[in-house]
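Quick notes on the structure that follows.
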Amino acid sequence: MLYEYLLANYVVNEVIIASDLAACGLNKSTIRRQLKQLTDQGKIRRYDKGIYYLPKRTIFNTEAQPSREEIIEKKYLKCNDECIGYITGLSLANQLGLTTQVPVVVEVVSNKASRDYREIKLANATVILRKPKVDVTADNYHALQFLDLMKDIDVLSELSKTALRQKLLSFMEQTKLSFTMLEPYIRYYPDKLFRNLYETGLLDYVSA
(Lines give C-alpha, C1' and ligand atoms only; values in the text may rest on other atoms or scores of the structure.)
Protein backbone atom coordinates (compact mmCIF):
# COMPACT_ATOMS: atom_id res chain seq x y z
CA MET A 1 0.00 0.00 0.00
CA LEU A 2 1.20 3.48 -0.83
CA TYR A 3 0.91 4.83 2.72
CA GLU A 4 3.33 2.22 4.08
CA TYR A 5 5.78 3.12 1.31
CA LEU A 6 5.54 6.82 2.24
CA LEU A 7 6.09 6.12 5.93
CA ALA A 8 9.13 3.98 5.13
CA ASN A 9 10.72 6.42 2.67
CA TYR A 10 9.74 9.91 3.86
CA VAL A 11 9.89 11.75 7.16
CA VAL A 12 7.17 14.11 8.35
CA ASN A 13 7.06 17.42 6.51
CA GLU A 14 9.35 16.11 3.75
CA VAL A 15 8.32 17.04 0.23
CA ILE A 16 6.71 14.20 -1.73
CA ILE A 17 6.59 14.63 -5.51
CA ALA A 18 3.94 12.39 -7.06
CA SER A 19 5.99 11.77 -10.20
CA ASP A 20 8.80 10.33 -8.03
CA LEU A 21 6.59 7.58 -6.59
CA ALA A 22 6.94 5.13 -9.47
CA ALA A 23 9.52 3.25 -7.38
CA CYS A 24 6.75 2.07 -5.06
CA GLY A 25 5.72 -0.45 -7.73
CA LEU A 26 2.20 0.88 -8.36
CA ASN A 27 0.99 2.24 -11.68
CA LYS A 28 0.26 5.95 -12.15
CA SER A 29 -3.51 5.69 -11.91
CA THR A 30 -3.31 3.68 -8.68
CA ILE A 31 -0.86 6.19 -7.21
CA ARG A 32 -3.17 9.10 -8.08
CA ARG A 33 -6.18 7.32 -6.59
CA GLN A 34 -4.39 6.40 -3.37
CA LEU A 35 -2.90 9.90 -2.97
CA LYS A 36 -6.43 11.31 -3.14
CA GLN A 37 -7.71 8.75 -0.63
CA LEU A 38 -4.85 9.47 1.80
CA THR A 39 -5.44 13.21 1.42
CA ASP A 40 -9.17 12.80 2.09
CA GLN A 41 -8.34 10.72 5.18
CA GLY A 42 -5.95 13.40 6.46
CA LYS A 43 -2.96 11.05 6.45
CA ILE A 44 -1.09 13.25 3.97
CA ARG A 45 -1.48 16.88 2.90
CA ARG A 46 -1.60 18.27 -0.63
CA TYR A 47 0.61 21.36 -1.01
CA ASP A 48 -0.14 21.88 -4.69
CA LYS A 49 -0.79 19.77 -7.77
CA GLY A 50 1.48 16.73 -7.57
CA ILE A 51 3.12 17.86 -4.31
CA TYR A 52 2.33 16.27 -0.93
CA TYR A 53 3.81 15.81 2.55
CA LEU A 54 3.23 13.88 5.76
CA PRO A 55 1.71 16.35 8.26
CA LYS A 56 3.54 17.42 11.39
CA ARG A 57 2.17 19.22 14.44
CA THR A 58 4.27 21.96 16.02
CA ILE A 59 4.73 22.68 19.75
CA PHE A 60 2.08 25.38 19.33
CA ASN A 61 -0.42 22.74 18.16
CA THR A 62 -0.41 24.15 14.65
CA GLU A 63 0.48 22.25 11.54
CA ALA A 64 3.79 22.89 9.79
CA GLN A 65 4.32 22.50 6.08
CA PRO A 66 7.38 22.45 3.81
CA SER A 67 8.84 25.83 2.88
CA ARG A 68 8.77 27.23 -0.65
CA GLU A 69 12.54 26.69 -0.83
CA GLU A 70 12.19 23.00 0.10
CA ILE A 71 9.50 22.52 -2.54
CA ILE A 72 11.62 24.18 -5.24
CA GLU A 73 14.70 22.16 -4.31
CA LYS A 74 12.88 18.82 -4.39
CA LYS A 75 10.96 19.62 -7.59
CA TYR A 76 13.58 21.39 -9.71
CA LEU A 77 17.06 21.31 -8.13
CA LYS A 78 17.53 17.72 -6.94
CA CYS A 79 16.49 14.32 -8.24
CA ASN A 80 17.50 11.21 -6.29
CA ASP A 81 20.15 13.34 -4.59
CA GLU A 82 21.61 14.32 -7.98
CA CYS A 83 21.95 18.01 -8.85
CA ILE A 84 19.70 18.94 -11.77
CA GLY A 85 19.29 22.70 -11.36
CA TYR A 86 20.19 25.93 -9.59
CA ILE A 87 18.78 29.27 -8.46
CA THR A 88 19.58 32.23 -10.71
CA GLY A 89 18.64 35.84 -11.43
CA LEU A 90 17.53 38.29 -8.75
CA SER A 91 16.95 35.43 -6.29
CA LEU A 92 20.64 34.49 -6.44
CA ALA A 93 21.77 38.13 -6.31
CA ASN A 94 19.70 38.62 -3.15
CA GLN A 95 21.11 35.45 -1.56
CA LEU A 96 24.66 36.67 -2.21
CA GLY A 97 23.99 40.13 -0.81
CA LEU A 98 24.40 41.91 -4.13
CA THR A 99 21.00 43.59 -3.85
CA THR A 100 18.44 44.40 -1.20
CA GLN A 101 15.59 43.78 -3.63
CA VAL A 102 13.41 40.88 -2.54
CA PRO A 103 12.27 39.03 -5.66
CA VAL A 104 8.57 38.37 -6.08
CA VAL A 105 9.40 35.39 -8.29
CA VAL A 106 12.08 32.71 -8.00
CA GLU A 107 14.16 32.06 -11.11
CA VAL A 108 15.33 28.48 -11.58
CA VAL A 109 17.42 26.77 -14.25
CA SER A 110 16.62 23.06 -14.32
CA ASN A 111 17.06 19.98 -16.47
CA LYS A 112 13.33 19.48 -16.00
CA ALA A 113 12.61 22.55 -18.14
CA SER A 114 11.68 21.78 -21.73
CA ARG A 115 11.83 25.36 -23.02
CA ASP A 116 13.80 28.56 -22.46
CA TYR A 117 11.13 30.30 -20.38
CA ARG A 118 8.12 29.08 -18.49
CA GLU A 119 6.20 30.77 -15.68
CA ILE A 120 4.72 28.38 -13.12
CA LYS A 121 2.40 28.99 -10.18
CA LEU A 122 3.46 27.06 -7.10
CA ALA A 123 0.77 27.56 -4.45
CA ASN A 124 1.11 31.30 -3.64
CA ALA A 125 4.52 31.66 -5.33
CA THR A 126 5.63 32.16 -8.92
CA VAL A 127 8.58 30.26 -10.35
CA ILE A 128 10.28 31.17 -13.62
CA LEU A 129 11.68 27.94 -15.01
CA ARG A 130 14.49 28.14 -17.58
CA LYS A 131 16.14 25.47 -19.70
CA PRO A 132 19.91 25.15 -19.08
CA LYS A 133 22.45 25.83 -21.80
CA VAL A 134 23.87 22.36 -21.10
CA ASP A 135 22.67 19.66 -18.73
CA VAL A 136 23.22 20.67 -15.12
CA THR A 137 25.35 18.34 -13.00
CA ALA A 138 27.03 18.45 -9.61
CA ASP A 139 30.30 19.22 -11.42
CA ASN A 140 29.14 22.20 -13.47
CA TYR A 141 26.25 23.89 -11.70
CA HIS A 142 28.40 26.44 -9.85
CA ALA A 143 30.13 27.40 -13.11
CA LEU A 144 26.83 27.82 -14.97
CA GLN A 145 25.30 29.69 -12.04
CA PHE A 146 28.26 32.09 -11.91
CA LEU A 147 28.22 32.72 -15.67
CA ASP A 148 24.47 33.36 -15.58
CA LEU A 149 25.03 35.85 -12.78
CA MET A 150 27.88 37.63 -14.56
CA LYS A 151 25.88 37.92 -17.77
CA ASP A 152 23.35 40.14 -15.98
CA ILE A 153 25.44 41.51 -13.11
CA ASP A 154 25.15 45.06 -14.44
CA VAL A 155 21.39 45.04 -13.78
CA LEU A 156 21.32 42.76 -10.73
CA SER A 157 23.84 44.40 -8.41
CA GLU A 158 23.41 47.55 -6.29
CA LEU A 159 26.97 47.49 -4.92
CA SER A 160 29.97 49.63 -5.72
CA LYS A 161 32.59 48.09 -8.01
CA THR A 162 34.93 47.30 -5.11
CA ALA A 163 32.26 45.77 -2.88
CA LEU A 164 30.83 43.79 -5.78
CA ARG A 165 34.22 42.42 -6.76
CA GLN A 166 34.83 41.23 -3.20
CA LYS A 167 31.43 39.52 -3.04
CA LEU A 168 32.04 37.77 -6.35
CA LEU A 169 35.55 36.70 -5.40
CA SER A 170 34.18 35.33 -2.15
CA PHE A 171 31.59 33.30 -4.07
CA MET A 172 34.30 31.97 -6.39
CA GLU A 173 36.47 31.03 -3.44
CA GLN A 174 33.64 29.29 -1.59
CA THR A 175 32.66 27.29 -4.67
CA LYS A 176 36.30 26.73 -5.77
CA LEU A 177 35.66 28.19 -9.22
CA SER A 178 38.52 28.74 -11.67
CA PHE A 179 38.76 29.89 -15.27
CA THR A 180 39.43 26.28 -16.28
CA MET A 181 36.02 25.31 -14.89
CA LEU A 182 34.28 28.23 -16.62
CA GLU A 183 35.99 27.95 -20.00
CA PRO A 184 33.96 25.03 -21.49
CA TYR A 185 30.70 26.98 -21.07
CA ILE A 186 31.69 30.55 -21.98
CA ARG A 187 30.89 29.97 -25.65
CA TYR A 188 27.20 29.61 -24.77
CA TYR A 189 27.06 33.20 -23.47
CA PRO A 190 26.91 36.56 -25.31
CA ASP A 191 29.87 38.97 -25.54
CA LYS A 192 28.25 41.00 -22.78
CA LEU A 193 29.67 38.44 -20.35
CA PHE A 194 33.26 39.48 -21.10
CA ARG A 195 32.37 43.16 -20.73
CA ASN A 196 30.86 42.52 -17.31
CA LEU A 197 33.87 40.46 -16.22
CA TYR A 198 36.14 43.31 -17.29
CA GLU A 199 34.07 46.11 -15.75
CA THR A 200 33.83 44.32 -12.38
CA GLY A 201 37.59 43.80 -12.38
CA LEU A 202 37.24 40.02 -12.35
CA LEU A 203 38.76 39.19 -15.71
CA ASP A 204 42.30 38.95 -14.33
CA TYR A 205 41.11 36.85 -11.37
CA VAL A 206 39.14 34.28 -13.35
CA SER A 207 41.95 34.03 -15.88
CA ALA A 208 44.48 33.20 -13.19
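The values are calculated or read from the model by the stated rules, or taken from the named source; none is laboratory data. Worth saying up front: this structure is predicted, and the values here are computed from it rather than measured. In this analysis, Cβ positions are derived from the backbone assuming ideal geometry, glycine residues included, and neighbour counts consider all displayed protein chains.
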Qualifying residue in segment 120-127 (condition: polar (S, T, N, Q) and out of contact with any helix residue (DSSP H, G or I) (no Cβ under 7 Å at 6 or more places or on another chain)): yes
Matching residues in segment 173-193 - criterion: being within 23 Å of the chain's Cα centre (by Cα) and surrounded by fewer than 12 Cβ atoms within 10 Å (Cβ to Cβ): 173, 174, 176, 184
Residues that are surrounded by fewer than 20 Cβ atoms within 10 Å (Cβ to Cβ), over 19 Å from residue 149 (Cα atoms) and of a type in the set (A, V, I, L, M), drawn from segment 58-109: 59, 64
Condition check for residue 119: within 25 Å of residue 177 (Cα to Cα), outside the structural domain of residue 186 (by TED's automatic domain parsing), assigned to a strand (DSSP E or B) and not small (Gly, Ala, Ser): no
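Rundown of residues vs (1) within 16 Å of residue 142 (Cα to Cα); (2) free of Cβ contacts under 8 Å to residues at least 24 places away in the same chain, yes/no style:
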| residue | (1), (2) |
| --- | --- |
| 62 | no, yes |
| 71 | no, no |
| 87 | yes, no |
| 123 | no, no |
Residue in segment 106-114 that is charged (D, E, K, R) and either outside the structural domain of residue 84 (by TED's automatic domain parsing) or touching a helix residue (DSSP H, G or I) at 6+ places or on another chain (Cβ under 7 Å) (or both) present: yes
Per-region count, segment 134-152, residues within 17 Å of residue 83 (Cα to Cα) and assigned to a loop (DSSP other than H, G, I, E, B): 7
Those helices (runs of 4 or more DSSP H) lying entirely in segment 1-93 with at least 3 residues under 22 Å from residue 120 (Cβ atoms): 28-40, 68-72
Condition check for residue 156: within 23 Å of the chain's Cα centre (by Cα), closer than 18 Å to residue 93 by Cβ and touching a residue at least 24 places away in the same chain (Cβ under 8 Å): yes
